[in-house]
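The values are calculated or read from the model by the stated rules, or taken from the named source; none is laboratory data. As the structure is a computational prediction, the values presented were derived from the model and not from experiment. Here the Cβ is made from the backbone with ideal geometry for all residues, glycine too, and neighbour counts use every protein chain on show. Areas reflect the complete protein model, heavy atoms only, side chains present, ligands, DNA and RNA absent. Shrake-Rupley method; radii C 1.70, N 1.55, O 1.52, S 1.80 Å.
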Amino acid sequence: WFSNCLFMIFPLISPFASRGVSGTPSSGYDADAQAFFDRVTAATGSTSTLEKNAVNQLVLDLKNYGIWSKRKVIYPYVGSSAASCAQNLASSSFTGIFTTGFSFASSGISGVSAYMRTGFNPNVEGLAYNDNSIGFYSRSTNQNTGEYDCGCGNTSGSALFDLCCRRSGNTSIYDSANSPNNRLNVSNSNSGGFFLGKANSSTAKLYRAGTEIGTKAMSVRSMPNYELYSYGFNEQNTTIYYSTRDCAFFWIGFGLTDTEAANLSTAVQTFQTTLSRQV
């Protein structure tokens, strides 16, 4: 009788009961990853358990590397639908808008004469010629065409922010606020992998698959005051240079150190490998 009374007063707590950890919801996922999954669900999208685990690990890796605070926009392109792929992992802002012409799959997105509006204006959001980064994971390894994978700017080239994995003539391009002064135009014959342009201090660098392929000293210039598009270039609110590459990840952020750039590339490659869509 006495033991029964104790049980009624102090109910047994199972050691296997779900317990929330500081910063971690009861699902076991990181709070920022779970918030992303919730946005996907609210938009009538969905993600598989494998995708959730991969996204969660990506967030943990970025935080462990000290890079999470540098992010502004992260599109992991998971969920195989426009609703899912439009969601920004970095925050509830900058939900993407796809024009017609896109296809969505477990491997990411692809488009023909299509572009994605990000709602992100680099000038308004505080990026600077010497404090920015932009990344695009291309799964198309042998594409040599006259296209830009993301960017915005004016017709004169005095204010540009963009990235091109590989253009005609076997060159990769990164413009950190200006061309030609702050343009990196690098010989490159492989359009596959994670391309990352980054600027800090007064130096711009371009990476492919974690390896530096170009560097350039910069001069002071203003960032463009236009919305940045993915899968094309927004030239004063007119879309040109549509991309047709398969894309599996897109990043916009503040400037990165060389170590942070290498760690970001590692985290992104780990993410793609988990999803079996790495190149």
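Brief remarks on what is shown
- Accessible area expressed per residue, the range 229-273, with surrounding protein chains retained (probe 1.4 Å, Å²): 30 Å²
- Calculated Rg and Dmax of the range 240-279 using C-alpha coordinates, Å: 12.5, 34
- Within the straight-line cut-off of under 30 Å between alpha carbons, the lysines reachable from residue 216 are 63, 70, 72, 198, 205, sequence neighbours fewer than 8 places apart in one chain being disregarded.
- Taking the square roots of 5 times each eigenvalue of the Cα gyration tensor of the range 37-80, largest first, gives ellipsoid semi-axes of 21, 12, 8 Å.
- The range 111-183: C-alpha gyration tensor shape, a/c 1.5 cut-off, then a/b vs b/c: prolate
- The portion of the accessible surface of the range 105-176 made up by carbon and sulfur, rounded to a whole percent, is 39 (1.4 Å probe; DNA, RNA and ligands excluded).
- Convex hull of Cα atoms in the range 67-114, direction-averaged projection (nm²): 3.6 nm²
- Segment residue 69..residue 49, full-extension length gain: 4.6 nm, with 0.36 nm per residue of separation and the alpha-carbon distance subtracted.
- Carbon/sulfur fraction of accessible area - the range 49-94, other protein chains in place, 1.4 Å, %: 46 percent
- Residues whose placed amide H lies under 5 Å from that of residue 232, excluding near-sequence neighbours: 116, 150, 151, 243
- Spacing of the two label points (7 Å from each Cα toward its C-beta) at residue 273 and residue 189, in nm: 2.6 nm
- Tensor-based shape of the range 161-246 (alpha-carbon gyration tensor, a/c under 1.5 rounded, otherwise prolate or oblate): oblate
- Solvent-free Debye calculation, one equal scatterer per alpha-carbon of the range 76-214: log10 I(q)/I(0) at 0.09, 0.20 Å⁻¹ equals -0.27, -1.36.
- Positive minus negative residues near residue 161 (Lys, Arg vs Asp, Glu; Cβ under 13 Å): -3
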